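Take a look at the structure below.
The values are calculated or read from the model by the stated rules, or taken from the named source; none is laboratory data. From a predicted model like this one, the values you see are computed outputs, not experimental measurements. Don't worry about glycine lacking a Cβ; one is built from the backbone with ideal geometry, like all the others, and counts go over all protein chains shown.
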Amino acid sequence: MNTVVNISGMTCGHCVASVTEELQELDGVENVAVELNKAGLSPTTITSKQPLSETEISEAVAEAGYVVVSNEA
């Protein structure tokens with residue numbers, strides 16, 4: 001199951017690593033693929049064994065210091 005979220009504020013590889021690390025800690029997450037866009041929103045695809053709630057994704061991204069701007073399943 002893939003969930004795509006747009007994350008604001010990421011500007012470098014360290015940002016990507018921080019977000020990826022937090023998202024991979026969620027139950028059932030198998031892979032995180034971030035398409036870094038330094039000038040705007042970075043689309044991030046989360047592959048998981050089960051559905052993830054917007055809340056748990058947003059909280060994990062916030063833990064890394066960034067914001068989910070919009071969500072699409």
For the range 46-61, what are the residues that are part of a loop (DSSP other than H, G, I, E, B) and in contact (Cβ under 8 Å) with a residue 40 or more places away in the chain? 49, 50, 51, 52
Looking at the range 25-73, which of its residues are in contact with a Gly (Cβ under 9 Å, 6 or more places away or on another chain) and at positive phi? 65
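Tell me yes or no: at least one residue of the range 23-30 is at pLDDT 95 or above, over 8 Å from the mean Cα position of the chain (by Cα), over 12 Å from residue 61 (Cα atoms) and aliphatic (A, V, I, L, M).
Yes, the range 23-30 contains at least one residue that is at pLDDT 95 or above, over 8 Å from the mean Cα position of the chain (by Cα), over 12 Å from residue 61 (Cα atoms) and aliphatic (A, V, I, L, M).
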Tally up the residues in the range 2-24 that are in a loop (DSSP other than H, G, I, E, B) and either charged (D, E, K, R) or on the phi > 0 side of the Ramachandran plot (or both), please. 1
Could you run through the range 42-56 and say how many residues are over 14 Å from residue 21 (Cα atoms) and hydrophobic (A, V, I, L, M, F, W, C)? 1
